[in-house]
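One structure is given below, encoded as structure tokens.
What follows draws every value from the coordinates through simple rules; no lab data is involved. Note that the structure is predicted; figures quoted are calculated from it, not measured. Here the Cβ is made from the backbone with ideal geometry for all residues, glycine too, and neighbour counts use every protein chain on show.
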Amino acid sequence: SGKTILALAAAIEQTVASKLYRRIIVTRSTQGLDEDIGFLPGTEEEKMEPWLGAITDNLEALHLEDENCSSSVEYVLDKVPLMFKSLNYIRGRSFQSSLIIIDESQNLTPHQIKTIVTRAGNGSKVICLGNLAQIDTPYLSPISSGLTYLTERFKGFSHGGNVLLQGVPRSVLAAFAEENL
């Protein structure tokens, strides 16, 4: 439906062009949130890289028309204050003046979503992306998902909103698969 690409484009505009936020923080469920990512080599950001391929894929999609797409993506990653954070290390943190994108939030429990959203400090915004038809966590359902919990609890909150995207702009094949598989 274009959730990630729209959120990423808006985050870049609001952070780099409009300067509403100091940085963009991206995180997501690693499908087994309680499993430590420590066995992977490298820094926290390097460990999160396999899980956040959707972000770099969407940066690439934003620059498909550029003469050298990969150079454009590298340029954006170099110039945009973009940080990848593991949910495993988020408790106790406080993110001030940050735009926080939580991708694949349908795979989070209500407790996990609360833990993340309550990290937003002054001047911060949280964008939770998810599709309840794509839950990968075996003990969650569309009813018990943290995304549903958050959406229900934020109804009527004047500083919150909910957007339902229609369609699958990725490709004709993806749209067919979404509807028929």
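Each peptide in 78-90, 134-146, 2-14, 102-114 gets a packing score, the mean of other Cβ atoms within 10 Å over its residues, and the list from highest to lowest is 102-114, 2-14, 78-90, 134-146. Within the same chain, lysines fewer than 8 places from Lys19 are excluded, and of the rest, those with a Cα less than 16 Å from its Cα are Lys79, Lys125. Summary of packing: across the peptides 115-125, 153-163, the per-residue average of other C-beta atoms within 10 Å ranks them, highest first, as 115-125, 153-163.
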